[in-house]
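Bear in mind these aren't lab numbers, they're just calculated from the coordinates by the rules spelled out. Since the structure is predicted, the reported quantities are computational estimates derived from the model, not experimental observations. Glycine gets a Cβ as well: all are built from the backbone with ideal geometry, and neighbour counts include every protein chain shown.
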Amino acid sequence: MVTMTALEEELSRIAGAVLDPELPVLTLAELGVLRGVQVTGPGRVEVSLTPTYTGCPAVEAMSSDIERALHEHGVPDVSVVTVLAPAWSTDDISEEGRRKLAEFGVAPPRPQGPAGGPVPLTLAIRCPHCGSTDTELLSRFSSTACKALRRCTACREPFDHFKEL
Amino acid sequence: MSSTPDTHETATFTGAALALGDDALILSHRLGEWAGSAPVLEEEVALANIALDLLGQARILLSLVGDEDELAYLREERSFRNVQLAEQPNGDFAHTIARQLYFSTYQHLLYGRLASGDGPFAGLAAKAVKEVAYHRDHAEHWTLRLGDGTTESHERMQRACDALWRYTGELFQPVEGLDVDHAAMESAWLASMTDILGKATLTVPSGPRTGAWAAGAGRQGLHTESFGRMIAEMQHLHRSHPGATW
């Protein structure tokens, strides 16, 4: 295990506090896409980022936002690299992140647990507006690849559900 | 410099990356052609999202072996290594769904196997297999709705499944550099088709998938008639304005 220096921890906090461009209530740390921050030389930092989806166009915006945040903190040379393995999972979204998603009107993904482990109970997807568990699927793909479109049969409001991945 | 084995290894890796990358790129472009003309808004969004996932795979795979833009926009028809199924025209919505059903089931099986190995594509496959599961799910649900729907939707779905059947043998021709059991994959694919088409009250097509009457030399660079027109449209902007950016 690589231990972080105090400086790396500080830079990691700054990079992790950058907001997701698509879901601007969530930080990159809460989304679980920040994989590491390494000081590779004087004034030089490398940040590892993992995409939620392979084709997620938000990665480019995230990279430039991280670069800007670290530049503002006085790091002149920032490079952001994309790493694929281990693959990101919706289980990487923090508890706080899930709470914020629901507050924002997006039903959070249900926990999946480790692959090959015990099969979790299939929990109902709760309407983020009225809290009813009586919801139906309208479309498997919604405004972005990571969301499905559902409708609440109680309050009749449509809403996005962050799909389990 | 030690030459032959390394050179061969590089060529094998390049060939495999192009095969996987071109499948994703070409199918992504076909799906993108639905933008603005899908039957309902939800499908417009769904097909575009599936296309985006595939484009993401293509970018990663092509970047492994060269410049992604040069490979996508400057190669000639004969240099593309995608299976002929991926390039087949969209046809009606049933044709697009049949193509999705055949392809996403194959891709899910392939990526699942690549992900559990330790080859150079394991990382990408482990990521993409979870996305492709949603593509397959989408295609299966539409197959059920259309097959077990109205008389017309049933007929159209059957026609589409029959028409594209001859392109499915090529999916299981071994690709050098992909360490998977293609024969076992084909059995699993056929079992899956028998199951889903049966549930959709459709008949498993009986036409040839292999042999003289089957199609499929895309991996060798031979493509069907509509492919040239498709890449002409795909490459037009880049070729007319080299290096253009948004």
FRET efficiency for A:E72 and A:S48 from the Cβ-Cβ distance with R0 = 22 Å, rounded to 0.05, comes out at 0.65
Pairs to check: A:K100/B:K130; A:K147/B:K199; A:K163/B:K127; A:K100/B:K127; B:K127/B:K199. Give those whose C-alpha atoms are more than 20 Å from each other in this structure.
-> A:K100/B:K130; A:K147/B:K199; A:K100/B:K127; B:K127/B:K199
The convex hull of the Cα atoms of segment B:1-85, divided by residue count, gives a volume in Å³ per residue of 101
Enumerate the calculated ³J(HN,Hα) couplings along segment B:166-179 in order (Karplus 6.51 cos²θ - 1.76 cosθ + 1.60, θ = phi - 60°), each rounded to whole Hz, writing x wherever the residue is Gly or Pro.
-> 5, 8, 8, x, 4, 4, 10, 6, x, 10, 4, x, 10, 7
Quickly work out the B:D179-to-B:T194 label distance, labels modelled 7 Å from Cα along the C-beta direction, and quote it in nm with one decimal.
-> 3.1
Net charge near B:E33 (other residues with Cβ under 14 Å of its Cβ; Lys, Arg +1; Asp, Glu -1) is -2
Note down the nm distance, to one decimal, between modelled labels 7 Å out along Cα→Cβ at B:D6 and at B:S116.
-> 3.5
Between B:S63 and A:L137, take the C-beta separation as r, use R0 = 45 Å, and let me know the FRET efficiency to the nearest 0.05.
-> 0.80
So the angle from the long Cα axis of helix A:6-16 to the longest Cα principal axis of chain A, reported in degrees to the nearest 10, equals 40
Which whole-Hz ³J(HN,Hα) couplings does segment A:97-112 yield from phi under the Karplus relation 6.51 cos²θ - 1.76 cosθ + 1.60, θ = phi - 60°, glycine and proline marked x?
-> x, 5, 4, 5, 4, 4, 5, 6, x, 10, 5, x, x, 7, x, 10
Would you calculate a helix-derived [θ] at 222 nm for chain B, using -39,500 (n - 2.57) for each DSSP H run of n ≥ 4 and dividing by the full residue count, to the nearest 500?
-> -22500 deg cm²/dmol
How much space per residue, in cubic angstrom, does the convex hull of the C-alpha atoms of segment B:92-246 take up?
-> 161
FRET efficiency for B:V204 and B:N90, Cβ-Cβ distance as r, R0 = 22 Å, nearest 0.05?
-> 0.45
Mind checking the full-extension length gain between B:R239 and B:E70? Use 0.36 nm per residue of separation minus the Cα-Cα distance, one decimal, nm.
-> 59.8 nm
Give me the number: length gained by fully extending B:R159 to B:W213, i.e. 0.36 nm times residue separation minus the C-alpha to C-alpha distance, one decimal in nm.
-> 17.6 nm
